[in-house]
Amino acid sequence: MQAEWVLAGIPSAVVCVDIEGHIRYINSAAERLLFCNHDSLIDAPMCSLPVRGAGGVVLTADAVAALAASGNEAAIRLQAGQGDNSEQQLILRVNTVNDGDGHCVGYSLLLSGLEASGDSDQALDPLTSLMGRREFERRIDNLVNDAAVSSRTHALLYIDIDQFKLINDTSGHGAGDNLIKAVADCLQSELFAGDLLYRLGGDERTT
């Protein structure tokens, strides 16, 4: 009960699920953010949450476990319906909840909003809806620290579009923007659970 009082009082949106992916607790901040009701979702599967990942994928126990295993804190873009068919970009971070013997018994899901900005250093790129350089640098720092103290390994892939300037010069910046968005959508559709995709600026991507 004391733990619930603490979770209810913090400003972050928190959803607690058991190892099978059933919802056990939602604090008031999560109710407001997701436009949902605590009582109606208790014991329901995570797919009942009004959130979707890349390609409309719903949250599952396996996906959350993979995110937690990738470093105990993971971020993916989610979209939460707000009752008026609008969508909100969110960041999801997952932490493992262990019992007294160190065995995983569930996960805590922390959700927070992102603001789009024309500055590629900001959290969310307005053209592709990918996370930007600032979030990338924060995440890289976390992964480097994680690799230093654990046995986990991580991979980084840097991608750019060859002769992109030629496309802008010959077909216009609108065509260049369309190409950037198409490449981002293609890469996003191929990600596995726990993979992250960022736009660093221009035609640069990392995953």
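Quick notes on this one:
- Set 130, 92, 110, 124: member being closer than 20 Å to residue 191 by Cα, in contact with a strand residue (DSSP E or B) (Cβ under 7 Å, 6 or more places away or on another chain) and at pLDDT 80 or above: 92
- Screening residue 37 with (1) loosely packed, with under 13 Cβ neighbours inside 10 Å; (2) polar (S, T, N, Q); (3) at pLDDT 85 or above gives one miss only, at (3).
- For residue 69: the one exception among (1) at pLDDT 80 or above; (2) of a type outside the set (Lys, Arg); (3) surrounded by fewer than 16 Cβ atoms within 10 Å (Cβ to Cβ); (4) under 30 Å from residue 148 (Cα atoms): (1)
- Candidates 6, 57 - the one that is at pLDDT 65 or above and among the β-branched types (Val, Ile, Thr): 57
The values are calculated or read from the model by the stated rules, or taken from the named source; none is laboratory data. All figures in this text were calculated on a predicted structure; none of them were measured in a lab. Reconstructed Cβ throughout: ideal geometry from the backbone, glycine too, with neighbour counts over all protein chains shown.
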